[in-house]
Amino acid sequence: MLQYRLSIKGKKWTKVKCVLCDREAVAGDYCTLHSKACENLTNSYGKWKKALDICWKEYLSEIVMNPLTGQWAKDVAHHLIKTGEQPDVKVS
């Protein structure tokens, strides 16, 4: 589902762009690709936390440094580190 915001100046709805690329946002501030990467990061954190007992920010740093991590996930991890955001993560 595409995201729209009301423009104050023009009083019309404009499509929201992904905060990380120029694609149209479909979930929150992310495009389809970055949204899926964010979902994968948040879903995987519980396993990392259980195995390594690390905090969210340390986890994101490990993701960024991992050479096997894809570019979409690295983009999101960098953004989350920079903004300090912590989506709802499941820790079991």
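The values are calculated or read from the model by the stated rules, or taken from the named source; none is laboratory data. Small disclaimer: the values here were computed from a predicted structure and weren't measured. Every residue, glycine among them, receives a Cβ derived from its backbone with ideal geometry; neighbour counts consider all protein chains shown.
Does the stretch 30-45 include one or more residues that are surrounded by fewer than 15 Cβ atoms within 10 Å (Cβ to Cβ), hydrophobic (A, V, I, L, M, F, W, C) and modelled with pLDDT under 95? Checked the stretch 30-45: no residue is surrounded by fewer than 15 Cβ atoms within 10 Å (Cβ to Cβ), hydrophobic (A, V, I, L, M, F, W, C) and modelled with pLDDT under 95.
So, Pro87, is that one part of a loop (DSSP other than H, G, I, E, B) and within 9 Å of the chain's Cα centre (by Cα) or not? Yes: the conditions hold for Pro87.
Does at least one position in the stretch 50-60 carry a residue that is closer than 15 Å to Val19 by Cβ and surrounded by 15 or more Cβ atoms within 10 Å (Cβ to Cβ)? Scanning the stretch 50-60, I find no residue that is closer than 15 Å to Val19 by Cβ and surrounded by 15 or more Cβ atoms within 10 Å (Cβ to Cβ), so the answer is no. The C-beta contact set for the stretch 63-82 (first residue over 19 Å from Arg23 (Cβ atoms), second residue not in a helix (DSSP H, G or I), distance under 9 angstrom, 6+ apart or interchain) comprises Ile63/Thr69. Quick check: anything in the stretch 9-26 more than 13 Å from the chain's Cα centre (by Cα), at pLDDT below 95 and β-branched (Val, Ile, Thr)? Among the residues of the stretch 9-26, at least one is more than 13 Å from the chain's Cα centre (by Cα), at pLDDT below 95 and β-branched (Val, Ile, Thr), which makes the answer yes.
Of all residues in the stretch 14-41, those satisfying the criterion of being aliphatic (A, V, I, L, M) and assigned to a helix (DSSP H, G or I) are Leu33, Ala37, Leu41.
Hey, can you tell me all the residues within the stretch 49-74 that are closer than 18 Å to Glu85 by Cα and either touching a Leu at 6+ places or on another chain (Cβ under 9 Å) or hydrophobic (A, V, I, L, M, F, W, C) (or both)?
First pass over the stretch 49-74, keeping only residues closer than 18 Å to Glu85 by Cα: 49, 54-64, 72-74.
Result: Ile54, Cys55, Trp56, Lys57, Glu58, Tyr59, Leu60, Glu62, Ile63, Val64, Trp72, Ala73.
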